[in-house]
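The block underneath contains the structure these notes are about, expressed in structure tokens.
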Amino acid sequence: MKAHLFSKMSQGLLLLSALLATSCKESSNNFFVPDHEAPSLVSVTPANGETAEENNTILLTFNEYVKAGEGKANFNGEEVELTFKGKTASYAYTALDYNQACQFSLPKGAVIDFQGNVFEGVSIQFTIRERPQPEARIFDAVVSPNGKGNYTSIQKAIDNVPSKRTEPWLIFVANGTYEEQIIIPEDKPYIYFCRSRGQPRQIVQALSGRDNGIVIRDLLIVHIPGLCYIFIGALL
């Protein structure tokens, strides 16, 4: 009987110790003292005044474990639910407008620690990034007999076209005479040869020949309304 009573008392003491450990912090003297300190914010992403992506997560990191209290976070004028995990609270947003000004606020009491201490709250402002600008270019390659382009040979420009494209690859050909054999491999479709307005219609005298690909002879330039000019010729 005494042994059973002693066992019950021991279990009670262990449970009491565990409860005290969860509601106290360890001091510098290795003694446990009650936790009356409010959680403090270690970092917030994006930071106040920063530029952020249009699809991103607002992440608040605290110095201790936190959970939801009373009150709601507010993002751009609407109440939102935070996700709590360990020492962090977060909110994921999507599909915001470029250059949009954003404001996130967390009122006092919306976040507390596990002892009920209240976080004072925070407010941040940030801006969504500008719309990405396309690369400033018109043509994928420029051929010029005087060396002012990427290539002096039409065939060299064709050789460097990526294979198996599904969109047009624009090659600008400057005025001049190109005495060369033009071979377009079968795995390089959608090649467009373009010229400036006002250039002579017939600027290429291509030598005939054969290979595993397509060979074009006597190339001419014709106008495609709204796009550019394209070489056409006889297939061998």
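Read-outs: derived from the displayed coordinates by stated rules, not from any lab. What you see is a predicted model, and the numbers here were worked out from it, not measured in a lab. As a convention, Cβ positions derive from the backbone with ideal geometry for all residues, glycine included, and neighbour counts pool all protein chains shown.
Couple of notes before you dig in:
- If R0 equals 45 Å, the separation of the Cβ atoms of Asn76 and Ser163 corresponds to a calculated FRET efficiency of about 0.45.
- Contour minus Cα-Cα distance for Lys67 and Tyr190 (0.36 nm per residue): 38.5 nm
- 5 angstrom amide H check on Ile191, placed H, neighbours 5+ away: Trp169
- Lysine pair count for segment 31-171 with Cα-Cα distance under 20 Å and sequence separation of 8 or more or different chains is 10.
- Net length gained if the chain between Lys87 and Leu59 were fully extended (0.36 nm per residue, minus Cα distance): 9.0 nm
- Amide hydrogen proximity for Leu82: with H placed 1.01 Å from N in the peptide plane, the residues at 5 or more positions away or on another chain lying under 5 Å are Ala73.
- Between Gln155 and Ser43, the modelled labels are 5.8 nm apart [label points 7 Å from Cα along Cα→Cβ].
- Ranked packing of 58-65, 46-53, most packed first, by mean Cβ within 10 Å: 58-65, 46-53
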